[in-house]
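Participant: Encoded as structure tokens, here's the structure I'll be asking about.
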Amino acid sequence: MQETDLIIIFSVIGSLIVGFVIAWFIFMRAAKTKNALAADRAKTIIKEAEVQAEALKNSRILEAKEKFLQLKAEHEKSISEKNRNIAQAEQRIKQKESTASQRMEQTQRRQTEIDALQQKLKGQIEGVEKRKAEVDREHAKQVEALEKISGLSADQAKAQLVEALKAEARTDALSHIKDIVEEAKLTANKEAKRVVIQTIQRVATEHAIENAVTVFNIANDEIKGRIIGREGRNIRALEAATGVEIIVDDTPETIILSGFDPVRRELARLALHQLVTDGRIHPARIEEVVAKVKRQLEDEIVEVGKRTTIDLGIHGLAPELVRMVGRMKYRSSYGQNLLMHSREVANLCAIMATELGLNVKLAKRAGLLHDIGKVPDDEPELPHAILGMKLAEKFKENPEVCNAIGAHHDEIEMTSIISPIVQVCDAISGSRPGARREVVESYIKRLKDMEALALSYPGVEKTFAIQAGRELRVIVQSEKITDTQAETLSLEISQRIQNEMTYPGQVKVTVIRETRAVNYAK
């Protein structure tokens, strides 16, 4: 049993060894076959690569040859172009040389001709000099003979002749000058009258006179009570905020706004209109509406200025000057509306400048701005013409316009032809019948002086002259003025008005000091 097993084991081992050897031989044979195939494949790839490389080489050689031929052709073309340019340049140089040689020959010929002419002229000059010498000798003989006959030397005779001619010429000239002056006077007077008459006839004058009151119409009389308020607090707040006296009487459906300043009256009118329309009327609301209307009024003033410049065809005006032109709507000069007066003067200046053949645009510009010194934000102690001229200079206006503004009341010397035109047109507009009222102007000036006097005291916030100047209301700052000081201030102002101003009747000075405590619930 053991021997059998050993035989089987040895048989199996032998079979495995034989199988392994056979497998190894088969593997080696397969490897040789695979290597042979790989070698054949490599040879094939190498041959194909050699063929492709040869083809690529040939194509690159062909491309290089083509590029070379192309570059060669371009080079030959460039060389031929340069040769052609050189040939043309040589041709031009040859032509210039030929032209220069021809000109040289012509110059030489002309020089020869000039030399011949100079010789000829020299001979003629010598002959003329000889003749001149002979003439001078003959002239000297004749002068000597005349001197013997007349008993005067040549210089003396010449002097007498010159003096006689001068006297005759002077007499004739004086006669002509006198005739010309007389004719010029007649013509100038006639022409000036014609220009002024035509100018006045071509301008439509408006006879609008500023009043000192504004009438505010209401729907019914019940609104009057709401405007007055409890114990008159609403009307007092409105008067304090606007500086206008509000008269509520028995006149049906009418409230009178009285004040010398048209801006204040317009402010009060617009504020009343908004308050009545809204229905809420109390002191806090009144102050809010007045502040809002004041801003709206400023916008309206600017719009009026822009519209005026557009209507007159005046362009390039500084925004501040446009605003001042708009403020003219609410100013008056001797009862005459300042904006209407300035527009009228501008049109008059334009017509007169057209008649005289001058610059119409400059004349119209100067006419519109001539009274701009009457509406500044602050009012320094300067004549309005000088102040207007300084404002125009500040905003880079034309020097002729500035001179016309400053000289229209003869404060400065006139240096432009437009200046007398503005002066004449200002006089025409102001002197026509019904244009101005001197009493109104002096009245307004007195009220302004009264307000300025009270405003000069420290601690005074606002001043309003109301009731045609019979009452002066002074609003002071409560943190700066005490109740005792308010009484003293009222006395001092009344004494100064009494000593320094002239006024009819009596003036009531009311000093108002108000203290407020404001808090907000959040």
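The values are calculated or read from the model by the stated rules, or taken from the named source; none is laboratory data. What you are looking at is a predicted structure, and each value in this text was computed from that prediction instead of being measured. Ideal geometry is used to build each Cβ from the backbone, glycine not excepted, and the neighbour counts take in all protein chains shown. To get the accessible areas, we keep the full protein, side chains included, count just its heavy atoms, and leave off ligands, DNA and RNA. Shrake-Rupley method; radii C 1.70, N 1.55, O 1.52, S 1.80 Å.
Participant: Which one is most open to solvent (accessible area, probe 1.4 Å), of the residues in the stretch 495-522 that are of a type in the set (S, T, N, Q) and within 18 Å of Lys462 (Cβ to Cβ)?
Facilitator: Step by step, filter the stretch 495-522, then rank; the result is Thr515.
Participant: Further, regarding this structure: Look at Lys396 and say whether it is among the basic types (Lys, Arg), in a loop (DSSP other than H, G, I, E, B), modelled with pLDDT of 85 or more and farther than 15 Å from Leu339 by Cα.
Facilitator: yes
Participant: Can you tell me which of (1) touching a helix residue (DSSP H, G or I) at 6+ places or on another chain (Cβ under 7 Å); (2) open to solvent by 10 Å² or more (accessible area, probe 1.4 Å); (3) more than 23 Å from Thr214 (Cα to Cα) is the one Lys329 doesn't meet?
Facilitator: It is condition (3) that Lys329 fails.
Participant: Looking at Gln467, is it polar (S, T, N, Q) and within 46 Å of the chain's Cα centre (by Cα)?
Facilitator: Against the criterion (polar (S, T, N, Q) and within 46 Å of the chain's Cα centre (by Cα)), Gln467 qualifies.
Participant: Considering only the stretch 262-285, how many residues are within 27 Å of Ile444 (Cα to Cα) and in contact with a Leu (Cβ under 8 Å, 6 or more places away or on another chain)?
Facilitator: Number of matching residues: 9.
Participant: Which residues, counting only those in the stretch 268-289, are in a helix (DSSP H, G or I), open to solvent by 60 Å² or more (accessible area, probe 1.4 Å) and either among the hydroxyl-bearing types (Ser, Thr, Tyr) or touching a residue at least 40 places away in the same chain (Cβ under 8 Å) (or both)?
Facilitator: Arg269, His273, Thr277, Glu287 - these are the residues of the stretch 268-289 that are in a helix (DSSP H, G or I), open to solvent by 60 Å² or more (accessible area, probe 1.4 Å) and either among the hydroxyl-bearing types (Ser, Thr, Tyr) or touching a residue at least 40 places away in the same chain (Cβ under 8 Å) (or both).
Participant: Further, regarding this structure: Would you be able to tell me the number of residues in the stretch 469-522 that are outside any loop (DSSP other than H, G, I, E, B) and β-branched (Val, Ile, Thr)?
Facilitator: Selection size over the stretch 469-522: 11.
Participant: Do the conditions hold for Ser342, that is, is it free of Cβ contacts under 8 Å to residues at least 60 places away in the same chain, hydroxyl-bearing (Ser, Thr, Tyr), out of contact with any Pro (no Cβ under 7 Å at 6 or more places or on another chain) and within 25 Å of Val302 (Cα to Cα)?
Facilitator: Yes: the conditions hold for Ser342.
Participant: Okay, next question. Look at the stretch 325-343 and say how many of its residues are closer than 17 Å to Leu267 by Cβ and either at pLDDT 80 or above or not in a strand (DSSP E or B) (or both).
Facilitator: Counting residues in the stretch 325-343 that are closer than 17 Å to Leu267 by Cβ and either at pLDDT 80 or above or not in a strand (DSSP E or B) (or both) gives 6.
Participant: Quick one: which of Leu382, Leu358, Leu348 is touching a residue at least 12 places away in the same chain (Cβ under 8 Å), in a loop (DSSP other than H, G, I, E, B) and over 17 Å from the mean Cα position of the chain (by Cα)?
Facilitator: The match here is Leu358.
Participant: When you look at Pro262, is it open to solvent by less than 60 Å² (accessible area, probe 1.4 Å) and in contact with a Phe, Trp or Tyr (Cβ under 6 Å, 6 or more places away or on another chain), yes or no?
Facilitator: In short, yes.
Participant: Just to confirm my filter: which strands (runs of 3 or more DSSP E) fall fully inside the stretch 213-267 and include at least 2 residues that are modelled with pLDDT of 80 or more and farther than 30 Å from Val375 by Cβ?
Facilitator: Per the criteria, no element qualifies.
Participant: Which number in (1) under 30 Å from Gly430 (Cβ atoms); (2) open to solvent by 70 Å² or more (accessible area, probe 1.4 Å); (3) modelled with pLDDT of 85 or more marks the one condition that Lys292 misses?
Facilitator: For Lys292, the failing item is (1).
Participant: Go through Asn220, Asn234 for me and flag whichever is touching a residue at least 12 places away in the same chain (Cβ under 8 Å) and loosely packed, with under 13 Cβ neighbours inside 10 Å.
Facilitator: Among Asn220, Asn234, only Asn220 is touching a residue at least 12 places away in the same chain (Cβ under 8 Å) and loosely packed, with under 13 Cβ neighbours inside 10 Å.
Participant: Quickly run through the stretch 297-312 and pick out the residues that are over 24 Å from Leu387 (Cα atoms) and open to solvent by less than 40 Å² (accessible area, probe 1.4 Å).
Facilitator: Leu297
Participant: Tell me whether the stretch 306-324 contains one or more residues that are more than 16 Å from the chain's Cα centre (by Cα) and within 24 Å of Gln274 (Cα to Cα).
Facilitator: Checking the stretch 306-324: not a single residue is more than 16 Å from the chain's Cα centre (by Cα) and within 24 Å of Gln274 (Cα to Cα).
Participant: On the basis of being at negative phi, modelled with pLDDT of 65 or more and outside any loop (DSSP other than H, G, I, E, B), does Ala100 make the cut?
Facilitator: yes
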